[in-house]
Every structure is written in structure tokens, then in C-alpha cells.
Amino acid sequence: MLELLKSRRSIRKYENKSIEKNQIEELMKCALLSPTSKNSRPWEFIVVQDKDTLEKLSHSKGHGGAFLKDAPLGIVVLADPSKSEVWIEDASIASTIIHISAHSMGLGSCWIQIRGRNHSDSLTASEYVKETLNIPSNLEVDAIIAIGYPAEEKRSRNEDELLSEKIHYEVY
Ligand SMILES: Cc1cc2nc3c(=O)[nH]c(=O)nc-3n(C[C@H](O)[C@H](O)[C@H](O)COP(=O)(O)O)c2cc1C
């Protein structure tokens with residue numbers, strides 16, 4: 001796991017190659033295995049492969065998600081706040097598991113933050129995604145994970161770069 005995590009990076013450039021159905025199914029199984037508070041499983045996921053839809057979603061917020069238009073796959077991570085008061089944590093853990101699972105399968109991915117971001121002065125990024133994908137009003141959008149075969153190489157992290165001063169033992 002340590003070696004996998006050292007080589008995990010956010011990948012924002014993808015080959016022009018679609019992702020096989022069995023790869024997507026495996027990724028979604030990984031997502032559904034995510035732990036949640038009280039096992040409430042408040043999340044839902046939308047698997048998007050349609051090019052026009054990905055292009056629209058790439059405009060969800062400022063420039064920070066523009067690379068989604070060239071990704072073959074986007075997974076929109078939603079949750080129902082009425083099912084869990086800690087839905088943000090639950091959705092974030094699922095997003096993280098998708099990101100790390102993708103890496104373990106040889107895919108590159110990057111988190112696109114939607115919750116708390118704006119599409120324009122009058123529309124939040126979440127409202128824009130909800131309108132674009134016809135998402136019911138009871139659900140909130142946390143993030144979109146852009147995924148594809150990597151078309152950029154990023155170096156693994158070295159253990160000597162780790163911020164070891166962040167770790168405290170027994171007391172602060
Ligand atoms: C909560 C969260 C939100 C992020 N939002 C975005 C985003 O909107 N756009 C983007 O390009 N990268 C986003 N990232 C990726 C980070 O920029 C990236 O993880 C960080 O720069 C460290 O780089 P690394 O993942 O290659 O180690 C996000 C990451 C996290 C964990």
C-alpha cells in the first residue's frame with residue numbers, strides 16, 4: 001500500500017481511449033465498498049462517458065475542472081444529507097477510494113471539487129451539475145472524479161519529502 005500511495009498522483013491528461021466496461025464495473029464495486037458512518041451509505045454515483053455531457057460538466061466551475069472534457073470517464077459523487085449528517089465525509093471517502101482504486105488499476109484520475117464552489121455569480125457548481133444531469137433535489141454533489149488512461153507522467157513521492165513534523169505522539 002505504501003508503494004501504491006507513493007506513486008499516486010493527480011492525473012489531468014488522458015489518452016484518447018475509452019475505459020473498458022469491466023474496469024468501470026470494478027471501480028464502482030470499489031466505490032460501493034467504501035466505509036460510511038453508521039453504514040448509512042448515503043452516496044450515489046453517476047457514471048458519465050458521453051462526450052457532450054463531459055464537456056458540459058467541464059464548465060461546472062472556473063478552470064479547475066476544464067480537463068474533464070478530454071477524459072473518457074467522469075464519476076459524479078452525490079450524497080443524500082438526510083441519510084447522514086456526515087455525508088461530506090462519506091462522499092469524500094468514496095471519492096478517495098475511486099481515485100486510489102483507479103491508480104491501482106493503471107488508470108489516472110483527478111478530483112474535481114464541486115461542493116462549495118461556484119459556476120457563476122448566480123449558480124453554484126452543485127446547482128449547475130444537478131441541472132445538467134437531472135439530479136433529484138434531495139441529493140448534493142460533492143465531487144467529480146475524472147478518469148482515463150494517463151497521458152502524463154508524474155514522479156512518485158519520496159519518503160524524505162513527507163511532512164513528518166505533522167505527526168505528534170501521545171500529546172500535541
Ligand atoms: C478535496 C480535493 C479537492 C480537489 N479539487 C481539485 C480540483 O477542483 N481541480 C483539480 O485540478 N485538482 C483538484 N484536486 C487535486 C489536488 O490539487 C491534488 O491532490 C494536490 O495538488 C496534490 O497533488 P497529487 O494529487 O498529485 O499528490 C483536489 C484534491 C482534493 C483532495
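The values are calculated or read from the model by the stated rules, or taken from the named source; none is laboratory data. If you're wondering where the values come from, they're calculated on a predicted model, not measured in any experiment. All Cβ positions, even for glycine, are placed from backbone atoms using ideal geometry, and neighbour counts span all protein chains on display. The area values use the complete protein model at the heavy-atom level, side chains included, leaving out ligands, DNA and RNA. Shrake-Rupley method; radii C 1.70, N 1.55, O 1.52, S 1.80 Å.
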Average accessible surface area per residue within the chain, 1.4 Å rolling probe, Å²: 58
3J(HN,Hα) from dihedral phi, segment 136-142, Karplus parametrisation 6.51/-1.76/1.60, rounded to Hz, x for glycine, proline: x, 5, 6, 9, 10, 9, 8
Rounded accessible area of ARG157 (nearest 10 Å², 1.4 Å probe): 90
Nearest-10 value in Å² for the accessible area of VAL47, using the 1.4 Å probe: 60
Average Cα contact separation per residue, segment 28-172, under 8 Å, 6 or more apart, as relative contact order %: 27
Helix-derived mean residue ellipticity, 222 nm - over the chain, DSSP H n ≥ 4, -39500 (n - 2.57), to 500: -9000 deg cm²/dmol
Area accessible to solvent at MET105, 1.4 Å probe radius, in Å²: 30
Assigned charges on the beta-carbon of Lys, Arg, Asp, Glu; the chain dipole about Cα centre (debye): 240
Unit charges at the beta carbon, dipole of the chain: most positive-side option, PHE67, TYR128, SER84: PHE67
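With all protein chains present, how much of the accessible area of the chain (probe radius 1.4 Å) comes from carbon and sulfur, to the nearest whole percent? Walk me through the numbers before you get to the answer.
Details: 5000 of 9990 Å².
Ligands and nucleic acids excluded, carbon and sulfur reach 50 percent.
What FRET efficiency do you get for SER122 and GLU55 if R0 is 25 Å and r is their Cβ-Cβ distance, rounded to the nearest 0.05?
Details: r = 22 Å, r/R0 = 0.86.
E(calc), rounded to 0.05, equals 0.70.
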Listed residue (VAL141, LEU27, PRO42) projecting farthest to the positive dipole end of segment 9-149, Cβ model: LEU27
Separation of the GLU152 and SER82 label points, Cα + 7 Å toward Cβ, nm: 4.1
Sequence of SER164, SER101, SER120 when ordered by accessible area, the most exposed leading, probe 1.4 angstrom: SER164, SER120, SER101
Reciprocal mean inverse distance between Cα atoms of the chain - Kirkwood radius, Å: 16.9
